[in-house]
Amino acid sequence: MGENQQPPLKLKEIWAIRVRLQLSKRLRELALFNLAIDSKLRGCDLVQLRVRDVSHGNAIMPRAIILQQKTRRPVQFEITEPTRDALSAWIASANLKGDDYLFPSRLHDSPHITTRQYWRIVNGWVSSIGLDPSAYGTHSLRRTKATLIYRRTKNLRAVQILLGHSKLESTVRYLGIEVDDALEISEQTEI
């Protein structure tokens, strides 16, 4: 991995956090965690999502598309059934409407949670399962599903699209793909 890159979570770590959030009935955090993993969004985009970005009427959509703040390019993502269930429960319990921010701030000076608040929440999650919070962060969540997809498929182009990267080199760097791995893929690709 590149220098200062936050590692992705492993499957067992995802489930450990998810189970803790479910058992403690932390609906907002479960919805935030699941959506962060599914969407692969940067923290700045995740915290600014509105209810209407993920729902149509009272139904959570199986896919959503948003314009990324950093690149101004659209990115589409799947919303898995467990995430749709978590979002539905959160939206109902918080009585949120279409124009409301999905994760409103409890502080009066911000309409939605800030990226700093999100970072603190992520630190709490990783600490709760015994990981070093200084090694992990919000980008760990963005990187998690992308890394799992890449390891399963070795399809860099698919991961590039899912992350909304304009350059394949960015995706290679982002995933921290080793040179040997990249060469192996290259050798298997006939031109």
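The values are calculated or read from the model by the stated rules, or taken from the named source; none is laboratory data. Bear in mind the structure is a predicted one, so any value in this text is a computation, not a measurement. Don't worry about glycine lacking a Cβ; one is built from the backbone with ideal geometry, like all the others, and counts go over all protein chains shown. Note: areas computed on protein heavy atoms with side chains; ligands, DNA, RNA excluded. Shrake-Rupley method; radii C 1.70, N 1.55, O 1.52, S 1.80 Å.
Would you confirm, using the coordinates I've provided, whether residue 119 is under 19 Å from the mean Cα position of the chain (by Cα), open to solvent by 20 Å² or more (accessible area, probe 1.4 Å), under 16 Å from residue 53 (Cβ atoms) and touching a residue at least 40 places away in the same chain (Cβ under 8 Å)?
It is false that residue 119 is under 19 Å from the mean Cα position of the chain (by Cα), open to solvent by 20 Å² or more (accessible area, probe 1.4 Å), under 16 Å from residue 53 (Cβ atoms) and touching a residue at least 40 places away in the same chain (Cβ under 8 Å).
Considering every residue within segment 67-79, establish whether at least one is free of Cβ contacts under 8 Å to residues at least 12 places away in the same chain and within 22 Å of residue 164 (Cα to Cα). Give the steps one after another, and end with the answer.
First pass over segment 67-79, keeping only residues free of Cβ contacts under 8 Å to residues at least 12 places away in the same chain: 67, 72.
With the extra rule that they be within 22 Å of residue 164 (Cα to Cα), the set shrinks to 67, 72.
Scanning segment 67-79 turns up at least one residue that is free of Cβ contacts under 8 Å to residues at least 12 places away in the same chain and within 22 Å of residue 164 (Cα to Cα).
Quick one: would you say residue 39 is among the small types (Gly, Ala, Ser) and more than 18 Å from residue 175 (Cβ to Cβ)?
Working: among the small types (Gly, Ala, Ser): yes; more than 18 Å from residue 175 (Cβ to Cβ): no.
It is false that residue 39 is among the small types (Gly, Ala, Ser) and more than 18 Å from residue 175 (Cβ to Cβ).
Only one of (1) touching a Gly at 6+ places or on another chain (Cβ under 9 Å); (2) within 22 Å of residue 149 (Cβ to Cβ); (3) loosely packed, with under 15 Cβ neighbours inside 10 Å is not met by residue 68, so which one is it?
(3)
Which one is most open to solvent (accessible area, probe 1.4 Å) among residues in segment 142-170 that are without any contact (Cβ under 8 Å) to a residue 12 or more places away in the chain and among the charged types (D, E, K, R)?
Of everything passing the filter in segment 142-170, 152 is most open to solvent (accessible area, probe 1.4 Å).
Looking at (1) out of contact with any His (no Cβ under 7 Å at 6 or more places or on another chain); (2) part of a loop (DSSP other than H, G, I, E, B), find the lone condition where residue 48 falls short.
Of everything listed in (1) out of contact with any His (no Cβ under 7 Å at 6 or more places or on another chain); (2) part of a loop (DSSP other than H, G, I, E, B), residue 48 misses just condition (1).
Looking at (1) surrounded by fewer than 20 Cβ atoms within 10 Å (Cβ to Cβ); (2) modelled with pLDDT under 95, can you tell me which one residue 19 breaks?
Exception for residue 19: condition (2).
Between 41, 30, which is under 14 Å from the mean Cα position of the chain (by Cα) and not in a helix (DSSP H, G or I)?
41
Given 140, 105, 128, which one is of a type in the set (Ser, Thr, Tyr), in contact with a His (Cβ under 6 Å, 6 or more places away or on another chain) and at pLDDT 90 or above?
Of the residues listed, the single one that is of a type in the set (Ser, Thr, Tyr), in contact with a His (Cβ under 6 Å, 6 or more places away or on another chain) and at pLDDT 90 or above is 105.
So, residue 37, is that one farther than 16 Å from residue 136 by Cβ, of a type in the set (A, V, I, L, M, F, W, C) and touching a residue at least 24 places away in the same chain (Cβ under 8 Å) or not? Break it down stepwise before answering.
Numbers: farther than 16 Å from residue 136 by Cβ: no; of a type in the set (A, V, I, L, M, F, W, C): yes; touching a residue at least 24 places away in the same chain (Cβ under 8 Å): yes.
Against the criterion (farther than 16 Å from residue 136 by Cβ, of a type in the set (A, V, I, L, M, F, W, C) and touching a residue at least 24 places away in the same chain (Cβ under 8 Å)), residue 37 does not qualify.
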